[in-house]
Amino acid sequence: MMHGIADASKVTVCGRVADAAWRSRFVECLEKHTPANPLIEEALAIKQRHLPKQIYKYRRICQNHLGNLETNAIWLSSPEEML
């Protein structure tokens, strides 16, 4: 079992079964990293090659959301205020 994923070969992305080989190598690099055997750079390179181009957050629509779309407005928060 790989960090909560019973069968990494069955992971789906956008309705398709994703190639799990890179995930296994990524986790292996993180788990086997030591000062004598530095694998963090390899893990980060693997992750970078497989990042999605876009990430979406879906939520229910409400009047405030429609108003923001109509006025081309976005709301942002400072990370310091999220604590």
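Before moving on, here are some points about what is shown:
- Residue in segment 25-38 that is small (G, A, S) and either assigned to a helix (DSSP H, G or I) or at pLDDT below 80 (or both) present: no
- Looking only at segment 47-83, and only at residues there that are part of a loop (DSSP other than H, G, I, E, B) and charged (D, E, K, R), the one that is nearest to F26 (Cα to Cα): K53
- Residues of segment 39-69 that turn out to be at pLDDT 90 or above, touching a Lys or Arg at 6+ places or on another chain (Cβ under 9 Å) and not hydrophobic (A, V, I, L, M, F, W, C), as a count: 1
The values are calculated or read from the model by the stated rules, or taken from the named source; none is laboratory data. Because the structure is a prediction, the values reported are computed rather than measured. Cβ: placed from backbone, ideal geometry, glycine included. Neighbour counts: every protein chain shown.
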